[in-house]
Amino acid sequence: MTAQNSSAEADVNSIGIKSRERVRDLAEVYTDKREVDAMLELIPSMFRDVDSRFLEPACGHGNFLVAILTRKLVLINKAEHGGTPHWYEYAVLRAVASIYAIDISEENVLEARERLQAIIDKEFAEKGYEPTQRFHSALAAMLSANIVRGDTLNDAQSIQFIDWAISDSEKFIRTRCYLEDPAFDLFFSPPEPLPPIHYSELTPETQR
Ligand SMILES: C[S@@+](CC[C@H](N)C(=O)[O-])C[C@H]1O[C@@H](n2cnc3c(N)ncnc32)[C@H](O)[C@@H]1O
């Protein structure tokens with residue numbers, strides 16, 4: 001069983017559906033790995049930089065996200081050592097920080113996060129690296145900030161993300177942002193960036 005074909009996929013049948021009811025209610029038909037890969041092959045320039053940004057507006061349980069992250073990890077594995085003890089952890093977090101996704105189904109959102117987490121766990125295990133507890137915390141914070149439940153079609157203005165700008169010394173500069181700015185609200189002022197924070201200080205609580 002590969003990371004792409006993890007337990008989260010166990011409920012999906014060979015034509016990419018979980019149930020007829022979900023097809024009816026959510027238009028939920030997952031894209032097969034072969035098609036996902038073929039589409040991503042069309043945009044090679046997006047996989048030259050670990051910070052390339054992706055947004056999946058209806059991510060399902062994460063078939064595109066899994067493939068995108070896998071490609072970014074290949075890129076990191078080819079990179080030179082970053083020169084600091086935890087450069088690999090920071091690089092993996094940068095890869096995740098630039099992957100955003102929305103789905104209307106909470107179940108899908110949770111599965112998508114779990115699948116990305118599983119890929120990263122597997123990657124560390126294969127390398128024989130023991131990730132720090134702080135890395136786990138930062139990863140949980142990032143996955144919950146970047147893969148969110150929302151109605152992309154009818155309520156995009158209430159979907160909030162965090163813009164993670166990279167900074168020196170393994171830090172991130174976070175700015176809250178909306179999928180669509182409430183531009184017609186006269187009292188709207190865009191959020192200010194928060195002070196740089198080292199990834200080891202990120203927890204799901206620091207995101208609130
Ligand atoms: C056709 S599936 C595609 C899933 C994934 N993008 C893939 O290719 O495997 C459509 C997904 O859109 C989600 N969805 C349906 N309406 C939505 C909406 N208004 N906002 C966000 N997600 C929605 C469903 O829950 C479902 O997971």
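Odds and ends about this structure:
- Simple spin-label estimate for Arg24 and His81 in nanometres, 7 Å along Cα-Cβ: 5.9 nm
- In terms of packing, defined here as the mean over residues of other Cβ atoms within 10 angstrom, the peptides 112-122, 150-160, 89-99 line up highest first as 89-99, 112-122, 150-160.
- Rg [Å, one decimal], Dmax [Å, integer] - segment 88-208, C-alpha atoms: 15.3, 53
- 24 Å Cα cut-off, lysine pairs counted over segment 7-207 (separation 8 or more, or different chains): 11
- Toward the positive end of the charge dipole of segment 1-157, with +1 on the Cβ of Lys and Arg and -1 on the Cβ of Asp and Glu, the farthest Cα among Leu65, Gln157, Ile102 is that of Leu65.
- Extension gain from Glu106 to His198, taking 0.36 nm per residue of separation minus the Cα-Cα distance: 30.2 nm
- Simple rule: put +1 on each Lys or Arg Cβ and -1 on each Asp or Glu Cβ in segment 111-208, find the dipole, and look at Val148, Pro196, Ser137; the Cα lying farthest toward the positive end is Ser137.
- Of the peptides 57-64, 28-35, 76-83, the order by per-residue mean of other Cβ atoms within 10 Å, starting with the highest, comes out as 57-64, 28-35, 76-83.
- For the chain, the equivalent ellipsoid built from the Cα gyration tensor has semi-axes of 26, 24, 15 Å, listed from largest to smallest.
- Sequence-distant residues sharing a close amide H with Gly62 (under 5 Å, placed H): none
- Across the chain, C-alpha contacts under 8 Å between residues 6 or more apart give a mean separation that, scaled by the residue count, equals a relative contact order of 18 percent.
- Sequentially through segment 26-32, phi angles give Karplus couplings (6.51, -1.76, 1.60; θ = phi - 60°) of 10, 6, 8, 10, 7, 7, 5 Hz, Gly and Pro residues having no value and appearing as x.
- Cβ-placed point charges (K, R +1; D, E -1), dipole of segment 7-207 about Cα centre in debye, nearest 20: 420 debye
Read-outs throughout are calculated quantities, based only on the coordinates presented, and are distinct from any laboratory measurement. What you see is a predicted model, and the numbers here were worked out from it, not measured in a lab. Here the Cβ is made from the backbone with ideal geometry for all residues, glycine too, and neighbour counts use every protein chain on show.
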